[in-house]
Every structure is written in structure tokens, then in C-alpha cells.
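The values are calculated or read from the model by the stated rules, or taken from the named source; none is laboratory data. These numbers were taken from a predicted model, which means no experiment stands behind them. So basically every Cβ, Gly included, is an ideal-geometry build from the backbone, and we count neighbours across all protein chains shown.
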Amino acid sequence: MSDAAVTAAPSPAWRLIPSRFPPIPAFDTVASAADLEAVMELEGWTNDRLVAERRARLPREEFLYGAPNSSVVMASFLHAAPGGSRFNGPELGAWYAAAALTTAVAEVAHHLRREAAARSATEMRRTFRSYSCRLLSHDYRDIRGQQGLRADLYAARSYAASQVFGEAVRSAGHAGIVYDSLRHRGGTNVVAFRPRLVVEVTQADHYDLIVPIQGRVVARRLTAEP
């Protein structure tokens, strides 16, 4: 790990989150670490067994609180996908973002298209709210341009190798990974493994995405209102 290329994360970075999941500002107004448990209990963050297990795995000094949209960041770590994502297993989530909003849209559209196929639907339509952020540290593992050399990390249908790699990067103390987008040619993605590295998180516009099984994705900008 130590002899591999490292880099700064792209700035700003962009993330889309389904608008049907309203932001719950549990962490945003917490003033001290001593208040965290009470706030999490109040908001129900301590009731879910998987969330509780993930909280135990995330070092308390890495908890993000007291800043706008802290809860959005913390949710990405504590409410991970059941099967994990490309560079993290289901035991603990991470913050995924893209160097360009277009890339973030392409990433989301890919998963909507897969959902449409699974449902035997002709298209999927869903509304997302966008966030911009800045990612601290110059210690992101850089695996861009290695799709041929490390095809296992870029496998289109399996996260088996990439999750092992990502968790090893996290265990080694690196900030995260910068990698090529498989959904947007020339696009760059980043995953951050430490919540406190995700700063200046700002909600931007909402987008209505229309994703057909085949054909062009349509992203209609709606409004910047919450």
C-alpha cells in the first residue's frame, strides 16, 4: 500500500441522494461528542441493530457533527447497502462522490437501469437532490488508468475483489480511493473512508431522472429548495 500512488480528491465532488429520503439533521446541531448518544437515541439511530454495529466499527473521533449536512455524511457510513458497495463491505459504509455532476448522474442512472430491468419496466423515474462537498487530505489511493492492470477492481458485475481492496486501504489508514468511472467515459469517482474528511457539504438542486432501459438518460433540474 505504501508505495502506491496517492493524490488529493477532486474538488468539489458531487453526490446524488434520492429525495424520498429526507435529511434528518440529527448530527448537524450537536455541539459536543457528549451529546451524540442522546441525539442518536432521540432520532432512532440506536434502534437498528446494523446501524449500532456500524457505529461500533467507526471510531468515535471520526464522527462528523456540528456542521451543516453532517447527518447526510454520517448516514452514508451507518446506513450502508446490504451487500456493500464497490470499495466497502456491508459492515461499514463510505462516502462516494464524483468529480462532476454529470458523472454522478451517470452512476445513479446505471443503477436505475438495472432496477428497471429487474422489474421488467421500460424505464425508471426518480427524483434526487444533489450535494457538493470538499474532501480533505492528499492521501487517496489513485487507481485511475488501471482498468487493464487491475481489471478485478473494475469488474462490472462483482465487487468481491474491490471490496477486499477497499477495506485493506481503509485499514491501512488511507483517506480513500480515487478511481475511473465505469458509467461515464472520462469521469472520475472518489470514495472517502473517514467522515471528518467530508467538509463544506452543501445541498444544491433537485433532479428528476428518467432512465429508459435503452436510450438517453434525461436529467431535469427542478429546484434548490429542500
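Can you name the number of the only condition in (1) touching a residue at least 60 places away in the same chain (Cβ under 8 Å); (2) under 18 Å from S137 (Cα atoms) that S171 fails?
S171 satisfies every listed condition except (1).
Out of A80, A104, which single residue is assigned to a helix (DSSP H, G or I), aliphatic (A, V, I, L, M), crowded, with 17+ Cβ neighbours inside 10 Å and under 18 Å from the mean Cα position of the chain (by Cα)? Give the derivation first.
Details: A80 fails: assigned to a helix (DSSP H, G or I).
Checking each option against the conditions leaves just A104.
Which of (1) in contact with a strand residue (DSSP E or B) (Cβ under 9 Å, 6 or more places away or on another chain); (2) part of a loop (DSSP other than H, G, I, E, B); (3) of a type in the set (D, E, K, R); (4) crowded, with 17+ Cβ neighbours inside 10 Å does D28 not meet, given it meets every other one?
(1) is the only condition that D28 fails.
Kindly indicate whether E91 is among the acidic types (D, E) and either within 13 Å of A192 (Cα to Cα) or not in a helix (DSSP H, G or I) (or both). Reasoning before the result, please.
Values: among the acidic types (D, E): yes; either within 13 Å of A192 (Cα to Cα) or not in a helix (DSSP H, G or I) (or both): yes.
Spelling it out, E91 is indeed among the acidic types (D, E) and either within 13 Å of A192 (Cα to Cα) or not in a helix (DSSP H, G or I) (or both).
Determine the pairs where a residue that is within 17 Å of A9 (Cβ to Cβ), located within region 121-141, has a partner that is at pLDDT below 95 and hydroxyl-bearing (S, T, Y) with Cβ atoms under 7 Å apart, the partner being 6 or more residues away or on another chain.
If the second residue must be at pLDDT below 95 and hydroxyl-bearing (S, T, Y), the pairs left are R134/S11; L135/S11.
Among the residues that make up region 15-28, is at least one of them at pLDDT below 80 and over 18 Å from S130 (Cα atoms)?
Residues of region 15-28 at pLDDT below 80: 21-26.
Filter once more, so that each one left must be over 18 Å from S130 (Cα atoms): 26.
Looking for residues that are at pLDDT below 80 and over 18 Å from S130 (Cα atoms), one finds at least one in region 15-28, hence yes.
Suppose the filter is aliphatic (A, V, I, L, M) and modelled with pLDDT of 90 or more; does A52 pass it? Step through it out loud before you land on a result.
Values: aliphatic (A, V, I, L, M): yes; modelled with pLDDT of 90 or more: no.
So A52 fails the test.
Suppose we keep only residues that are among the small types (G, A, S) and touching a strand residue (DSSP E or B) at 6+ places or on another chain (Cβ under 8 Å) within region 155-186. Which one would you say is surrounded by the fewest Cβ atoms within 10 Å (Cβ to Cβ)? Don't jump to the end; show me each part of the working.
First, pick out the residues of region 155-186 that are among the small types (G, A, S): 155-156, 158, 160-162, 166, 168, 171-173, 175-176, 181, 186.
Right, trim to touching a strand residue (DSSP E or B) at 6+ places or on another chain (Cβ under 8 Å) and you get 166, 175-176, 181.
Working: G166: 26, A175: 24, G176: 26, S181: 21.
Here the residue is S181.
Tally up the residues in region 118-142 that are more than 30 Å from L222 (Cα to Cα) and out of contact with any Leu (no Cβ under 6 Å at 6 or more places or on another chain), please.
The qualifying residues number 5.
Strands (runs of 3 or more DSSP E) wholly in region 123-200 with at least 3 residues that are under 17 Å from F77 (Cα atoms) - which ones?
Once the strands (runs of 3 or more DSSP E) in region 123-200 are filtered for at least 3 residues that are under 17 Å from F77 (Cα atoms), what remains is 123-135, 188-192.
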